[in-house]
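Have a look at the structure below, then the notes.
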Amino acid sequence: MSAASRRISNYTTRSVGSDHDTSSRPRSSEGSKKEIWTSMLDGVSSGKRLPEKSLLVLGGTPETQKDFLESLSTDPSSNRRPPDRGRKPPIANQFALGYTYQDVLDADHEDTLARLSLYLLTTPTPSFTPLLKPYLTPRTLPNMLIVILLDWSHPWLWLRQLREWIRVLRSLVSSLDDESKDVMEENINNWRDRGRGVGGPSDNTGSGSENVTIPLGPGEWDEPLGIPLCVVCQNADKIEGLERERGWKEEEFDFVLQYLRTVLLKHGASLVYTMPSAPGSLQTLIHSSLGIKSMLKQKQLKHNVIDRDRVLVPPNWDSWGKIRVLREGFDVEGVSLAWSEDIQIPAHMQPHHQMDGAPNGQNAADAETRLATEAEDELEEEEATAVSIYEETIRNPERDSALSSLNAKHGNGMEVPSSDAQAFLASQVEILDRLRVEDEREKTAKDKKKGSAVYISQDDASGVVEEHIGPVQFNMGGIQVNADEMVKRLQDREANRSSDIDAGASISGEPTENERLASFFAGLIKKDGSSVVDSPRGP
């Protein structure tokens with residue numbers, strides 16, 4: 001306790017004396033102590049400072065983006081994710097521009113090599129372009145990589161999706177300031193020479209052979225974006241489904257690969273196929289593109305264009321000659337020229353349109369009219385574009401099924417002639433008038449038929465009643481007699497009598513015996529309930 005107080009008092013005395021007594025310990029000693037502590041603190045802080053890398057992930061859906069993040073964090077050697085240190089960082093990619101981060105660990109999962117910031121965007125809408133602009137600065141551009149996600153669930157949309165994203169990126173780059181553009185130009189110059197030494201793209205050892213660079217070939221780096229690009233085709237396990245369900249052959253798969261390689265060669269981009277169960281070389285490709293290297297294990301990139309579900313095209317490796325080797329007859333020059341025309345920025349995506357405020361009133365109506373006109377012009381000019389050529393071979397099955405059903409209804413093809421609106425309505429009025437007249441005629445006929453059925457003659461009524469109640473029978477002397485049959489017999493007998501007897505009976509005015517019997521039996525079948533008839537008078 002006393003020693004401690006003694007040390008404190010001595011330090012205090014020395015410090016006080018140093019301020020007032022010039023004969024005490026020189027001030028240079030204290031300055032040297034401060035410099036030592038400052039240098040030590042700076043060394044510790046610089047050791048803890050991690051390299052910051054940025055990854056701009058475009059395309060896909062929130063679910064497929066999460067699958068990409070899982071594949072990116074999976075160790076390719078063991079197909080296992082490294083252990084999470086603490087709480088796993090959340091992924092916010094449901095609305096507009098999303099964000100998350102990853103810590104890149106060394107091979108032993110002990111040291112952190114870099115902090116990877118990921119910006120996620122699913123829709124190539126020009127309205128979202130200003131959200132990306134603040135993250136493209138002279139400090140972040142040299143350490144940034146762009147990833148475009150495609151999905152094997154719908155490969156017929158790939159070229160159209162790539163075109164939209166390239167247009168958005170070119171519009172975004174053209175809106176940056178001059179300082180950022182200078183950094184991007186220097187960045188692209190470094191990327192063009194990267195891996196183009198005599199040793200090839202995988203020779204990154206820094207040997208003297210890299211001083212001798214190979215010149216660019218035709219179609220290489222014709223359309224640089226200013227930022228390195230990597231295209232990831234996810235869910236390659238669905239290739240077998242396309243072969244089994246859609247009837248794809250090797251020609252279709254080779255055509256897709258040749259087309260992608262030709263297009264991406266113009267931007268100096270890399271290409272990789274992945275699947276959730278086997279990410280392959282995805283992590284190695286992304287980390288090497290960002291300059292993240294492990295001190296324990298150096299991983300080399302090896303190209304693969306043979307296995308159709310494990311394709312890997314490293315940056316600065318491909319060429320027109322290698323693309324032609326895959327399958328003969330592919331027009332590399334034509335596709336390359338057509339793609340340069342496709343990626344031209346439309347007027348509505350120009351930087352001055354994006355920086356303008358949201359129009360209102362008449363300006364909003366003019367803006368909508370302009371956009372509609374530009375869309376119509378684009379559709380009209382799409383007949384000879386790279387996208388249309390691709391979609392003629394790799395056809396959309398949903399669109400083809402819709403067109404086939406349309407062609408089944410109209411033998412002349414999918415074009416159906418349309419008439420003027422007023423002429424169509426006039427023809428419908430005539431049809432409605434004709435139907436109304438027919439309905440009136442039918443109604444009149446039904447009414448007449450119903451009225452005639454109401455007035456039924458008495459004879460018909462009696463026949464209907466007799467049919468309903470059945471024959472009238474009675475007991476006469478123990479014998480069951482049918483009155484109707486008896487009356488009928490009497491009528492027949494009366495008809496067969498001689499005309500003389502009938503004439504005499506008519507002259508005398510007296511009823512004959514048959515008439516009296518007929519009157520008797522007719523009275524028995526009356527429905528008024530009276531069964532008594534006047535008895536015939538005797539002679």
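The values are calculated or read from the model by the stated rules, or taken from the named source; none is laboratory data. Quick caveat: nothing in here was measured; it's all calculated off a predicted structure. We place every Cβ from the backbone using ideal geometry, glycine too, and count neighbours over all the protein chains shown.
Structure values in brief
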read-out	value
Per-region count, the stretch 144-171, residues of a type in the set (Val, Ile, Thr) and within 16 Å of Leu131 (Cα to Cα)	2
Any hit, the stretch 305-314, residues being surrounded by fewer than 18 Cβ atoms within 10 Å (Cβ to Cβ), in a helix (DSSP H, G or I) and out of contact with any helix residue (DSSP H, G or I) (no Cβ under 8 Å at 6 or more places or on another chain)	no
Pick from the stretch 112-147, criterion touching a residue at least 40 places away in the same chain (Cβ under 8 Å) and of a type in the set (D, E, K, R), ranking: nearest to Ser289 (Cα to Cα)	Arg115
Leu264, sole failed condition from (1) in a helix (DSSP H, G or I); (2) modelled with pLDDT under 90	(2)
Qualifying residue in the stretch 176-189 (condition: among the aliphatic types (A, V, I, L, M), under 15 Å from Leu121 (Cα atoms) and buried (at least 18 other Cβ atoms within 10 Å of the Cβ))	no
Complete set of residues in the stretch 268-282 that are polar (S, T, N, Q) and either part of a strand (DSSP E or B) or more than 13 Å from Cys230 (Cα to Cα) (or both)	Ser270, Ser277
